[in-house]
Each structure stands twice: as C-alpha cells, then as structure tokens.
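The values are calculated or read from the model by the stated rules, or taken from the named source; none is laboratory data. Predicted, not measured: the structure shown is a model, and the values here were computed from it. A quick note on method: Cβ atoms are made from the backbone with ideal geometry, for glycine too, and the neighbour counts reach across all protein chains shown. Just the protein is used for accessible areas: all its heavy atoms, side chains included, with ligands, DNA and RNA removed. Shrake-Rupley method; radii C 1.70, N 1.55, O 1.52, S 1.80 Å.
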Amino acid sequence: MSSKQDYYEILGISKNATAAEIKKAYRKLAIKYHPDKNPDNAEAEAKFKQAAEAYEILSNPEKKAKYDQFGHAAFDGSGGFGGSGMDMDDIFSQFGDIFGSAFGGGGGFGGFGGGQQRRRAKGGNLRIRVKLNLKDVAKGVEKKVKVSRKKQASDTTYTTCTNCNGTGQVTKITNTILGRMQTATACGVCGGSGQQIENRGKGTDAHGLKMEEETVSIKIPAGVEDGMQMKVPGKGNEAPAGVAGDLIVLIEVEENPNLQRDGENLHYDLYISFADAALGGSKEIETVEGKVRIKIEPGVQSGKILRLRGKGLPKLNGYNSGDLLVHINVWTPKTLSKEQKNFFEKMKDDANFIPDPQKSDKSFFEKVKDMFS
Ligand SMILES: [Zn+2]
C-alpha cells in the first residue's frame, strides 16, 4: 500500500461533501494550480495532477464507494487506475464535465478507464491565451486568432513504413527473471504513424511539415470564467501522417474596476452622500450592457443591497442569468465647514437622527447571510 495523501484532504473537503461540493473544490484547485498560470513550477504541476486524480475518484460514485471502503488500496494493482496518475491530456479531457460541455471532451481518446486504446499518431497541441472582458462573457464572443501551426505540405508524399509495416508499433520480446515479456512500443522510424516520408516537400522540416500562419475562429460561449480552457479540435500541429493536434485556448477574463464578479452575480459599490441618502433621487451605475439609472428611495440605509434581476452574467450552458447587486454606501464627509458643523450639532439630538433600526433594516451581515443561503 502506498502512503498517499487522502483524496478528501487533497481537495480540502469533508467525507460528507456533496457531489457539487467536490466539483467546486476541484475546480478551485484546477484553476489555482493550472500549468499555464504556474509555468515551470513542478510543485504546482504535482498538485494539479494530485487534485485531478482525487477528483477522478471522488466524482465517480462507484470509485468513491470503493475508496471510502478500502482507501488507496482499492486502486493499487489491477484496478485499472494505477495510482501514479493521469497525463495532462487526460486531465484536460476531464475538464469537460467540470467546466461544461463546451470544454474539452469530444476528443478522440476517451479519458480514463477505457482500456488500452491504440493512439494514432497525433500532432502536438498548441496553446494560446484569449483575453475577454465582462461584456464578452455576458454575450459570448467569436474571436479570430492567428496561429502558427505545422501543416502537411502538398508536395510531401508518404509511403508505408518498412520498419513496422504500417502498424506504427514494434513488438519487443525480452527475457527477464519473470519470464518472457512482450512489450509493444511506438515504431522509432515513423514515430507511430505507420508512414514514412517518400518525398519531402520544398521548405519542409524532417517530417515533411511546413510552418504556416492560419486564422482560426473560436466561438466562446457566454458565461465562461477566468482560467477555463477550451479545446478546438484539429487546430494544433498536424502530424506527418495521422491526426492533427488540438488548439488549447486558455480563457483570461480581465477584471472590471467597477463590477466584481462572483460566479453569475456581479457586485457594484455605489457611494452616495448623506443628502442623497436622506432625500433620495436617481443615480447612474455601470452594468455590463452600459450605464443605467436606478432609483434611490429617501431614507435609504448604508449597507442596503439593491438587486437588479438578470443583470448579472449568464450561466455557462444555462438559461438563466445572475443578478447585479448594488451595494449602497453612504459617504460620510471627512471634513466639515463651520456652517455644516453647526447644522449637525443642531440636529444631533433630533429624534429623526437617532438610529432606530426596524426589522426591515437588516444589518449588513444578516443580508450577506441571506444572499448566500
Ligand atoms: Zn514505422
């Protein structure tokens, strides 16, 4: 048995965590330790893989039940999911169900546990970053990006590899103390493609490929979040023979100075003066769709939250949009003129100026509690 860290501990959740909590915990870690955010950081990569492995087990009711009963021993040995983990492709294909069906998934090779599928030679994946603002997130957006990718040249021709007879694999038999072992490895001559170059095209590399710039159009659905990845199948490097790799798109969402995002909801801090709070009026606020005017009731309290339904962001692959929550902050002047000072001195003990909170004037903390329950 290995001395691996407990999967619940890795995700920072209790054993009673619900499926939604497990998913949420993993999502947070996946974004935090994402290799694109932590380049050349082996520790982050290890944590990223560890979290993916924990999620892979705990998100599957059958595997979770086994793990709860037997611990890591359930997956040692012939369990199929050999502890040492998943490669990055596996992890990214797992993102499909974490971040919605628009992401990952759909690829040729089916994640884990599917047994040994023979992989066709695949070109390398390419990665790009795409910057979005909140408006792009609200509406969804189509981005055109220039990508330099290796492509097959029309004047390169291929023929069946003579080393592996086109199977892409060579079988090696070795004698070991455990007996004769047969192992299949990718053919060293054709790199697993089964094809050899017959005629190399002009200006191509050793594999008969040429660098070409291409404009790729990427449809980004509404509701995406910072750190998510999308896969555009077949837009990575092409392979000498075989299938092209994928274009991995990392989504970056720019912060908006006035609108704070919290999932589908947006928060806006509105500062109003004593006078506006007492007299009421209308104020202009920012939304993702531009400025709008909202009404302030006379006698509004600092800390009140106005909810503009549906003015938040849409759910990824969902129908509803979140809300825009406008937090009222009454601005207290930092200095007063003599005249103003006199005014407040006079009003200080006036019955209207003495706090008398009613049930409807809930405290800030009660409101926050309500909002998240
Ligand atoms: Zn070969």
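Listed values, structure above:
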{"quantity": "Single unsatisfied condition, T287 versus (1) in contact (Cβ under 8 Å) with a residue 40 or more places away in the chain; (2) surrounded by 14 or more Cβ atoms within 10 Å (Cβ to Cβ); (3) not aromatic (F, W, Y)", "calculated": "(1)"}
{"quantity": "Failed item, numbered, when G318 is tested on (1) free of Cβ contacts under 8 Å to residues at least 24 places away in the same chain; (2) out of contact with any Ser or Thr (no Cβ under 8 Å at 6 or more places or on another chain); (3) closer than 19 Å to K135 by Cβ", "calculated": "(1)"}
{"quantity": "Complete set of residues in region 165-182 that are within 8 Å of the ligand (Cβ to nearest atom) and small (G, A, S)", "calculated": "G166, G168"}
{"quantity": "Subset tally (residues that are closer than 23 Å to I251 by Cα and open to solvent by 40 Å² or more (accessible area, probe 1.4 Å)) for region 44-62", "calculated": "5"}
{"quantity": "Matching entry among T162, T185 (being at negative phi, surrounded by 10 or more Cβ atoms within 10 Å (Cβ to Cβ), within 16 Å of the ligand (Cβ to nearest atom) and assigned to a strand (DSSP E or B))", "calculated": "T185"}
{"quantity": "Where H207 falls short, out of the listed (1) surrounded by fewer than 19 Cβ atoms within 10 Å (Cβ to Cβ); (2) within 16 Å of the ligand (Cβ to nearest atom); (3) at negative phi", "calculated": "(1)"}
{"quantity": "Hits in region 7-19 - residues which are assigned to a helix (DSSP H, G or I) and open to solvent by less than 70 Å² (accessible area, probe 1.4 Å)", "calculated": "Y7, Y8, I10, L11"}
{"quantity": "Subset tally (residues that are over 18 Å from E225 (Cβ atoms) and open to solvent by 70 Å² or more (accessible area, probe 1.4 Å)) for region 22-43", "calculated": "4"}
{"quantity": "Any hit, region 137-150, residues being assigned to a strand (DSSP E or B), within 12 Å of the ligand (Cβ to nearest atom) and among the polar types (S, T, N, Q)", "calculated": "no"}
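The rows are residues; the columns are (1) open to solvent by 60 Å² or more (accessible area, probe 1.4 Å); (2) modelled with pLDDT of 95 or more; (3) among the polar types (S, T, N, Q).
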residue: E142; (1), (2), (3): yes, yes, no
residue: T157; (1), (2), (3): no, no, yes
residue: G192; (1), (2), (3): no, no, no
residue: Q195; (1), (2), (3): yes, no, yes
